[in-house]
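Quick notes on the structure that follows.
The values are calculated or read from the model by the stated rules, or taken from the named source; none is laboratory data. Everything numeric here is computed off the predicted structure, so don't read it as measured data. Positions of Cβ are generated from backbone atoms using ideal geometry, with glycine treated the same way; all protein chains shown enter the neighbour counts.
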């Protein structure tokens, strides 16, 4: 419901990584009458698609340049969205603005991805910007509660989902991933820095190597944000590519936490899942 969303300025800055989500957020803002300005990260954001929007290109580490552009564009509200491989400090080309806050950058790097993103978010807030999440700007991109597909979960799958959520809750303090695969009570794989796509590739390889005895079509990918995670950053994501990975891994479907998971191209995703006989479930948070 848009009447419960915060009042936005005339413009919202989108720090845009890879994938389709930055553009989906931009379109959602346009539908609300708000102008999106994309600050596209070099090497990550889709150059062909970003051209359709007001945008600026930025290298990682160009913090000073970004601050200048944000002020020039009068973007006080910001959203971080899109995939990005975490760079090492030696890969960053820090400008003078970044060097001035280097101690804070170094402190942010001493931890997992959530710690890093939260630390970077605090930097922007220090300079007077407001960091928003998808629940603030694009609720239409968040997973709803319930089963979205013709296929549904049986009792075995429901038990697997419960175990998967328990595993993710236990791993949350270590900030290592937001997903795991459970097949008939067995924890088969846990997400790490490789992300969900790599997790599903590993499961597919385990199938190919006959390391999984369960028949094809059994098992579930469970995704959930970490306990205590800043929900403005790095929410679990789901989309057509996830369905492709589930098919290759010969799993039965996916269950994610409703309201705390981003969904890219939902119609395409659901159609692909239905065609493959997979379930897609939004869990109560």
Problem set entry | strands (runs of 3 or more DSSP E) completely within the range 124-195 that count 2 or more residues being over 18 Å from residue 260 (Cβ atoms) and in contact with a strand residue (DSSP E or B) (Cβ under 8 Å, 6 or more places away or on another chain) | 179-183, 186-190
Exercise. Do we have any residue at all in the range 39-47 that's under 21 Å from residue 267 (Cβ atoms), in contact with a helix residue (DSSP H, G or I) (Cβ under 8 Å, 6 or more places away or on another chain) and not in a strand (DSSP E or B)?
Worked result: yes
Problem set entry | Condition check for residue 203: crowded, with 22+ Cβ neighbours inside 10 Å, closer than 22 Å to residue 144 by Cβ and assigned by TED's automatic domain parsing to the domain that holds residue 157 | no
For this session: Name every residue in the range 169-191 that is within 23 Å of residue 240 (Cβ to Cβ) and within 18 Å of the chain's Cα centre (by Cα), in order of residue number.
Result: 177, 178, 179, 180, 181, 191
Exercise. Does residue 227 satisfy the criteria of being more than 17 Å from residue 253 (Cα to Cα), out of contact with any helix residue (DSSP H, G or I) (no Cβ under 7 Å at 6 or more places or on another chain) and not assigned by TED's automatic domain parsing to the domain that holds residue 123?
Worked result: no
Exercise. What do you reckon, is residue 29 modelled with pLDDT of 85 or more, in a helix (DSSP H, G or I) and more than 20 Å from the chain's Cα centre (by Cα)?
Worked result: no
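Per-residue answers, yes or no, for (1) under 30 Å from residue 7 (Cα atoms); (2) assigned by TED's automatic domain parsing to the domain that holds residue 37; (3) at pLDDT 75 or above:
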{"residue": "83", "(1), (2), (3)": "yes, yes, yes"}
{"residue": "86", "(1), (2), (3)": "no, yes, no"}
{"residue": "89", "(1), (2), (3)": "no, yes, no"}
{"residue": "103", "(1), (2), (3)": "no, yes, no"}
{"residue": "110", "(1), (2), (3)": "no, yes, no"}
{"residue": "116", "(1), (2), (3)": "yes, yes, no"}
{"residue": "123", "(1), (2), (3)": "yes, yes, yes"}
